[in-house]
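Trainee: The structure's right below; bear with me while I get my questions together.
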Amino acid sequence: MTFLSKRINNLSESQTIKMAKLGRELSAKGIDVINLSFGEPDFFTPEFVKEAAKTAVDENYSYYTPVSGYPELRKAIAEKLLRENGLSYSFDQIVVSTGAKQSLANAVMCLVNPGEEVIVPTPYWVSYSEMIKLAEGETVFINATVENNFKITGAQLEAAITPKTKVFMFSSPCNPTGSVYSKEELADLVAVFEKYPNIYIISDEIYEHINFVGKHASIAEFDSIKDRVVLINGFSKSYAMTGWRVGYMAANKELSNACDKMQGQITSGTSSIAQRAALAAYQGGLETVNAMVQEFKSRRDIVYALLKEIPNIKVNLPDGAFYFFPEVKAYFGTSTGDYKINNAEDLCLYLLNEAHVSTVTGEAFGNEDCIRISYAAAEDKLRDAVSRIKAALEKLS
């Protein structure tokens, strides 16, 4: 009998972290592995952001910070939301956390009671269901398909709602699909939420700026439901600051106070140095962000063209983030040598061991027919990786 809690034993391991770990193990043996499993930009943090962190060290920003973050950072976030998104929040509605993941977890833990339902469109980011599990909630999935660019409709949403529904949780731009909801598509969902005033909406917008279709649309823009929207964002993707661990939420005052209390008992305030760097990021404009996004768009177009050349996979053109989520079920039941492909996880392991390309099974994101491919890598690496994938798949029959 294990001494560990049921809570931790029921929690699943992150598949993205697992595949990256397996890739590193092969690399340690001298094998040239191309890692397309991890979700982080391959760019460096902008110089002006790094300089702000160095200055913060020199100026002795080395003490505990307020649980919700430095007031000046929270004010800068509120200003950014107004300037870029047309959203009006007071600084005391903002809670800065150790990454957007903590912001998401805070919101789930403060909203969901045991047995209450959280609706999650699939595919979804791997940690959503596990956070809901920790809160002892019940996850209700709505399946979205590649034919619909992995987006759901208002009709699908309404069909999933029950008297136990408490939260709807989604991302746009989406990890793992790169799908982006337009304002018109969000309006279709909002029309449903207007009928159900007790449902909260957690909107994960961490990939906001990595958007190839124009201005980002947030579901918080709709006044009729804004007070029920929990907007999640951060600095990791847009400013290539994954290791700095700074995210935030914006919500109504009662919920932001609750998340402050939750965070105060778990981690307290985010790193003082990282917060000063984040402040500089939002004060420094979008020039470096826009340059990075243009590079991602170029890579997306290259990889899309290459993936379309591979027979028996179905792939759509993502509008944001830096992922493809191709449907690969045509290869289930095939084999070569000692390899038998029964599912997406088998295919990912085959591609890792045969092609030396690390990807992630779609099952981790709620779709067992797909795999996730990150294109956060240099162009030559991406061309090589897709060539290797194609060659490995040609061996299956």
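Trainee: Work out how far the C-alpha atoms of segment 343-397 reach from end to end along every principal axis, then list the three figures in whole Å, largest first.
Mentor: 30, 28, 14
Trainee: Another question, then. Please give the per residue volume of the convex hull enclosing the alpha carbon atoms of the chain, rounded to a whole number of Å³. Walk me through the intermediate numbers first.
Mentor: Values: hull volume 63.0 nm³, N = 397.
Dividing the Cα hull volume of the chain by its residue count gives 159 Å³.
Trainee: Would you mind calculating the gained length between THR242 and GLU136 on full extension (0.36 nm times residue separation, minus the Cα-Cα distance), in nm to one decimal?
Mentor: Numbers: separation 106, 0.36 × 106 = 38.16 nm, distance 2.86 nm.
Length difference between fully extended and current span is 35.3 nm.
Trainee: With axes computed from alpha carbons, what is the tilt in degrees of helix 71-85 against the longest principal axis of the chain, rounded to the nearest 10 within 0 to 90?
Mentor: 60
Trainee: Give me the number: length gained by fully extending THR55 to LYS390, i.e. 0.36 nm times residue separation minus the C-alpha to C-alpha distance, one decimal in nm. Show your work: numbers first, answer last.
Mentor: Working: separation 335, 0.36 × 335 = 120.60 nm, distance 4.83 nm.
Full extension from THR55 to LYS390 adds 115.8 nm.
Trainee: Roughly what would the spin-label model give for LEU4 and LYS297, points 7 Å off Cα along C-beta, in nm?
Mentor: The modelled label-to-label distance comes out at 4.5 nm.
Trainee: Counting other Cβ atoms within 10 Å, keep those with at most 15, restrict to DSSP loop, and tell me which GluC sites (Glu not before Pro) in segment 1-109 are left.
Mentor: On the way: sites: GLU13, GLU25, GLU47, GLU51, GLU59, GLU72, GLU79, GLU84; in loops: GLU13, GLU59.
For GluC sites (Glu not before Pro) across segment 1-109 that sit outside H, G, I, E and B with at most 15 neighbouring Cβ atoms in 10 Å, the list reads GLU13, GLU59.
Trainee: If you don't mind, another one. Filter the cross-link list LYS340/LYS390; LYS166/LYS261; LYS80/LYS237; LYS314/LYS390; LYS183/LYS314; LYS21/LYS395 down to pairs whose alpha-carbon distance in this structure exceeds 19 Å.
Mentor: Working: LYS340/LYS390 17 Å; LYS166/LYS261 21 Å; LYS80/LYS237 16 Å; LYS314/LYS390 14 Å; LYS183/LYS314 27 Å; LYS21/LYS395 26 Å.
Over 19 Å Cα-Cα: LYS166/LYS261; LYS183/LYS314; LYS21/LYS395.
Trainee: If you average the C-alpha positions of segment 77-113 and of segment 147-206 separately, how far apart do those two centres end up, in angstrom?
Mentor: 18
Trainee: Could you give me the ³J(HN,Hα) list for segment 292-308, computed from phi with Karplus coefficients 6.51, -1.76, 1.60 and θ = phi - 60°, whole Hz, x at Gly and Pro?
Mentor: Once rounded to whole Hz, the list reads 5, 5, 4, 5, 4, 5, 4, 5, 4, 5, 5, 5, 4, 4, 5, 5, 5.
Trainee: Further question on the same structure: To test your reading of the geometry: what angle, between 0 and 90 degrees and rounded to tens, separates the Cα axis of helix 253-264 from the longest principal axis of the chain?
Mentor: 70
Trainee: Beta carbons within 10 angstrom, averaged per residue: use that to sort the peptides 215-228, 233-246, highest first.
Mentor: Working: 215-228: 18.3, 233-246: 22.9.
Ranked by mean Cβ neighbours within 10 Å, highest first: 233-246, 215-228.
Trainee: Rounded to the nearest whole Å², what accessible area per residue is found for the chain with the 1.4 Å probe? All intermediate terms of the calculation are to be shown ahead of the outcome.
Mentor: On the way: 17070 Å² over 397 residues.
That works out to 43 Å² per residue.
Trainee: Please report the carbon-and-sulfur percent of the accessible area for segment 1-144; probe 1.4 Å, protein heavy atoms only, DNA, RNA and ligands left out. If you can, show how the numbers build up before the last one.
Mentor: Values: 4090 of 7490 Å².
Answer for segment 1-144 is 55 percent, counting heavy atoms of protein chains only.
Trainee: LYS164: which lysines have alpha carbons under 20 Å from its alpha carbon, excluding same-chain residues fewer than 8 sequence positions away?
Mentor: Those lysines meeting the cut-off are LYS133, LYS195.
Trainee: Quick query: amide H of THR65 versus all other amide H atoms, modeled in the peptide plane; which residues come in under 5 Å with a sequence gap of 5 or more or a different chain?
Mentor: GLY269
Trainee: While we're looking at this one, here's another question. Determine which aspartates and glutamates satisfy two conditions relative to LYS297: a Cα distance under 16 Å, and not lying fewer than 8 residues away in the same chain.
Mentor: GLU40, ASP42, GLU208, GLU287, ASP319, GLU379, ASP380
Trainee: Helix 47-58 versus the longest principal axis of the chain: what angle, 0 to 90°, nearest 10, using Cα atoms?
Mentor: So the inclination is approximately 50 degrees.
The values are calculated or read from the model by the stated rules, or taken from the named source; none is laboratory data. Owing to the predicted nature of the structure, the values given are computational and were not obtained by experimental measurement. No Cβ is skipped: glycine too gets one built from the backbone with ideal geometry, and neighbour counts run over all protein chains shown. Just so you know, the surface numbers come from the protein's heavy atoms only, side chains and all, with ligands and any DNA or RNA stripped out. Shrake-Rupley method; radii C 1.70, N 1.55, O 1.52, S 1.80 Å.
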